[in-house]
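Scroll down for the structure; my scribbles are underneath it.
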């Protein structure tokens, strides 16, 4: 009788372990499909070099391409969907002299330029991530106009007040993804 109980208990333990391992594998696969991440070395390097939150870089990449760098209908390219005209402007700002538009296909170059642009926009908007992300999508001049309008009314611009629906949704998507990347991939992104 004791042998039978022991055998049943052993079978039950093996079954529970199998289910736990299967659930872990399924959870990992689901997480990677829902919240993909690649180019972690590049993201960590650029975050350190540009004094950025690596989760913010990952979130912008997620919002732009979900880590699938296909060209956009507007002509933006690479993981961070940078327009060649913006890249040439950034090359000029940063002192880059050998940039060509085809360089945007290289993830290292693309993330470096996108991160440089994020840092530039954060500096322009006194570190305000909402405004910097809005400008990354909707343009710096537009955001400056929206901020001036809100300031004239005696308040700060809120996400809900962004007049471009696409930019408003983009900002919310980046902020949500940033939180998710910070919690889901803290170790991979080097977030302590």
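The values are calculated or read from the model by the stated rules, or taken from the named source; none is laboratory data. Bear in mind the structure is a predicted one, so any value in this text is a computation, not a measurement. Cβ placement follows ideal geometry from the backbone for every residue including glycine, while neighbour counts extend to all protein chains displayed.
Comparison of 84, 69 shows that the only residue that is modelled with pLDDT under 90 and within 25 Å of residue 169 (Cα to Cα) is 69.
The residue pairs whose first member lies in the stretch 160-173 and is on the phi > 0 side of the Ramachandran plot and part of a helix (DSSP H, G or I), whose second member is at pLDDT below 95 and surrounded by 14 or more Cβ atoms within 10 Å (Cβ to Cβ), and whose beta carbons are closer than 6 Å, counting only pairs six or more residues apart or on different chains, do not exist in this structure. Just one of (1) touching a helix residue (DSSP H, G or I) at 6+ places or on another chain (Cβ under 7 Å); (2) without any contact (Cβ under 8 Å) to a residue 12 or more places away in the chain; (3) part of a loop (DSSP other than H, G, I, E, B) fails for residue 150. It is (3).
As for the stretch 156-163, it holds at least one residue that is at pLDDT 95 or above, out of contact with any strand residue (DSSP E or B) (no Cβ under 6 Å at 6 or more places or on another chain), under 24 Å from residue 54 (Cβ atoms) and assigned by TED's automatic domain parsing to the domain that holds residue 44.
When 58, 48 are checked against the criterion of being touching a helix residue (DSSP H, G or I) at 6+ places or on another chain (Cβ under 6 Å), within 14 Å of residue 189 (Cα to Cα) and in the same structural domain as residue 171 (by TED's automatic domain parsing), 58 stands alone in meeting it. The single residue among 102, 145, 98 that is more than 17 Å from residue 46 (Cα to Cα), in the same structural domain as residue 66 (by TED's automatic domain parsing), assigned to a loop (DSSP other than H, G, I, E, B) and without any contact (Cβ under 8 Å) to a residue 12 or more places away in the chain turns out to be 98. Looking across the stretch 20-42, just one residue is in a helix (DSSP H, G or I), within 16 Å of residue 183 (Cα to Cα) and modelled with pLDDT of 95 or more, and that is 40.
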